[in-house]
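A short write-up of the structure that comes next.
What follows is calculated from the coordinates using simple rules that are stated; it is not laboratory data. All values derive from a computational prediction rather than experimental measurement. Note that we place each Cβ from the backbone using ideal geometry, even for glycine, and neighbour counts take in every protein chain shown.
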Amino acid sequence: MADGLSARETLALVTDDFTELPAPARQSPPDGPLGWPGYDAARARAAERTGEQESVICGTARIGGTRAVLIAFEFGYLGGSLGERTGDRLVAAYTHARKQRLPVVPLIATGGSRMQEGMLALTQLQRVARESALTREAGLAQIAVLRDPTTGGGWATLGAGADIVLALPGAQVGFAGSRVRPPDADPAAYTAEAQVAAGSADAVVRPEELRDTLAAWLRLLSGGRPGQPVEPAPVPAALGSSTLPATGWDAVRRARSPRRPRAHAYLDAYFTHRLAISGDRCGGTDPDGMLCGFGEHRGRTVAYAAQTGAATRPAGYRTAARLIRLADRLGIPVLTLVDTPGAANDAEAERQGAGPAIAELFGAVAAARTPVTTLVIGEGGSGGALAPAAPGNTWATPDSYFSVIAPELAAAILKRPPGEVESTAGQLRLRPQDLTALGVVRGIRDVTP
């Protein structure tokens, strides 16, 4: 096998109680629907070599304490390719998952669609995409594991279409397989690590850690209430100063202090454990500007999107929007932490679509049926800070400010000298107590006793 593991060995890596689902019956003409010479013989040899009757094995199992439907690809069977019988098994697996209200875990190792079945093989991707979409609509999580190789339509449907995408180290991952790429293509671009760096996958997980990682993800993503009323996430306690700023400039100075607690400190204090998602699924990540993921707070799953105090880049906004849409589908409440001097506004940020990315996050928050809770923990710089904030459920800490624009920029726009920046901060009424009086925030959070 390309990654050294058969489908059965991969299943044994993540669970001990796999129960295979019955395979749907399909009558095929000799040598398949196209009458491809030698196709039946090739399938017979693949079955003898692997002990399997198709390129996927589907069934149910517990991973940790959570039951799930597992789909394991057997790369030794015609390169894990997808044909009509493969599609039948996948449809049956997803249908079973919806009937039993179970998450789906594809363990993928495939070279793509089966040439011996022509376009009938390729159209299985449409069937798979439909089943995945129905499963999303049902509020059930999909967590893909990318083995070596994961290429072609299997990557572009079961893999990249999953809610959470994990990958084994060094796995070949890409839409183009090694035999069809341009001769000058950089092979490093077609790896699990490259896909994580490009925002197309969430994490690389070592084989010995895969079972525990899947168990943790399944536990978190199965902890919601899709389609039912959801209680908002509790507002975190403030971690910094307990006194309110005397002036607007004092609020700005305190929010910019390097000694003030940042997102990591708040997330560590709030969650007993958490797992991160990474990437906007369109080529970008923003690990320095936005932290996103799911965690457990007082026994309940809460999704989080937390700005880190740096300027937030377009990929950060898109990742946060992705998180909120996923939490909304799964019935999981969301916590957002606001802390940014503003959206990144350099030329590269504009080329990456800063405006559309911010609009996407505004839209995700506005459309969310699941409740969103927001705490401003530091700087609240303009629309780049407002985008993740919950209308009507935003709170502030004593160490924070929220402003239509930074005082220095406001003074510049008004053509005021530098000496008037501090007084301009006061005029903007950006202190936590000002924001409460204006009705912009609901209140000021107390410091942990």
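Over all directions, average the projected area of the Cα convex hull of region 43-97 and note it in nm².
3.9
Below 8 Å, C-alpha to C-alpha, sequence gap of six or more: please give me the relative contact order for region 248-438 in percent.
Values: 400 pairs, mean separation 40.8, N = 191.
Here the relative contact order equals 21 percent.
Starting from the amide H of Val205, placed 1.01 Å from N in the peptide plane, find each other amide H under 5 Å away whose residue is 5 or more places distant or on another chain.
So Val205 has HN proximity to Ala167, Leu168.
Please find, in a Gaussian network model of the chain (springs between Cα atoms separated by less than 10 Å), the residue of Ala387, Ala406, Ala188 whose mean-square fluctuation is greatest.
Ala188
At a 10 Å Cβ-Cβ cut-off, how would you order Ile277, Ile57, Ile332, fewest neighbours first?
Lowest to highest Cβ neighbour count: Ile277, Ile57, Ile332.
What does the charge dipole of region 248-438 about its Cα centre add up to, to the nearest 20 debye, if the Cβ of each Lys and Arg holds +1 and the Cβ of each Asp and Glu holds -1?
Values: 21 positive and 18 negative charges, 83 e Å.
Computed about the Cα centre, the dipole is about 400 debye.
Could you list the square roots of 5 times each eigenvalue of the Cα gyration tensor of region 328-449, that is, the equivalent ellipsoid semi-axes, sorted largest first and rounded to whole Å?
26, 21, 10
Could you give the size of the charge dipole of the chain about its Cα centre, using +1 on the Cβ of each K and R and -1 on the Cβ of each D and E, expressed in debye and rounded to the nearest 20?
Details: 46 positive and 45 negative charges, 213 e Å.
It works out to roughly 1020 debye.
Place a point 7 Å from the Cα of Thr247 along the Cα-to-Cβ direction; which residues of region 383-411 have their backbone N under 11 Å from it?
The answer is none.
List the equivalent ellipsoid semi-axes of region 164-307 in whole Å, largest first, each obtained as the square root of 5λ for an eigenvalue λ of the Cα gyration tensor.
One finds semi-axes of 37, 22, 13 Å for region 164-307.
Can you tally the net charge around Glu408? Count Lys and Arg as +1, Asp and Glu as -1, for every other residue whose Cβ sits under 15 Å from the Cβ of Glu408.
Overall, the nearby charge balance is +1.
With springs only between Cα atoms under 10 Å apart, run a GNM on the chain and tell me which of Pro418, Pro398, Pro432 wobbles the most.
Fluctuation is largest for Pro418.
Using a Gaussian network model of the chain whose springs link C-alpha atoms within less than 10 Å, name the residue from Thr66, Thr394, Thr272 with the highest mean-square fluctuation.
Among Thr66, Thr394, Thr272, the largest GNM mean-square fluctuation belongs to Thr272.
Write down, largest first, the equivalent ellipsoid semi-axes of region 248-438 in whole Å, where each equals the square root of 5 times an eigenvalue of the alpha-carbon gyration tensor.
28, 19, 14
Taking every alpha carbon pair in region 7-221, what does the distance histogram look like in 10 angstrom bins from 0, in percent?
Over region 7-221, the share of Cα pairs per 10 Å bin runs 9, 36, 37, 16, 2 percent.
Between the helical axis of 39-50 and the dominant principal axis of the chain, each derived from Cα atoms, what acute angle in degrees is found, rounded to the nearest 10?
That helix lies at roughly 70 degrees to the long axis.
Given H placed 1.01 Å from N in the peptide plane, which residues other than close sequence neighbours of Val173 have an amide H under 5 Å from its amide H?
When sequence neighbours closer than 5 places are left aside, the close amide H contacts are Thr150, Thr191, Ala192.
Can you tell me the relative contact order of the chain? Whole percent, Cα pairs under 8 Å, sequence separation 6 or more.
12
From the phi angles alone, apply the Karplus equation (6.51, -1.76, 1.60; θ = phi - 60°) to region 335-352 and give each ³J(HN,Hα) in whole Hz, x where the residue is Gly or Pro.
10, 10, 10, 9, 6, 7, x, x, 5, 4, 10, 6, 4, 5, 4, 5, 5, 7
For region 27-36, in order, what is each residue's ³J(HN,Hα) by Karplus, 6.51 cos²θ - 1.76 cosθ + 1.60 with θ = phi - 60°, in whole Hz (x at glycine and Pro)?
8, 10, x, x, 6, x, x, 9, x, 5
Any idea what Rg and Dmax come out to for region 105-205 if you just take the C-alpha atoms, in Å?
That works out to 13.5, 43 Å for Rg and Dmax.
Once the Cα atoms of the chain are picked out, what are the Rg and Dmax in Å?
Taking only Cα atoms of the chain, I get Rg and Dmax of 25.1, 87 Å.
Order these by the 10 Å Cβ neighbour count, fewest first: Met115, Met290.
Details: Met115 16, Met290 28.
In order of increasing Cβ crowding within 10 Å: Met115, Met290.
What is the set of long-range amide H partners of Asn393 at a cut-off below 5 Å, with H atoms built 1.01 Å from backbone N?
Here the answer is none, since no amide H 5 or more places off falls under 5 Å of that of Asn393.
Rounded to the nearest 500 deg cm²/dmol, what is the calculated helix-only ellipticity per residue at 222 nm for the chain, with -39500 (n - 2.57) per DSSP H run of length n ≥ 4?
-10000 deg cm²/dmol, from helical runs alone.
Within the set of other residues whose C-beta is less than 12 Å from the C-beta of Tyr94, count the net charge using Lys and Arg as +1 and Asp and Glu as -1.
Working: positive: Arg89, Arg98, Lys99, Arg127, Arg130, Arg136; negative: Asp88, Glu131, Glu137.
Local net charge: +3.
Please compute the modelled spin-label separation between Ser257 and Cys282, points set 7 Å along Cα→Cβ, answer in nm with one decimal.
Here the answer is 4.0 nm between the modelled labels.
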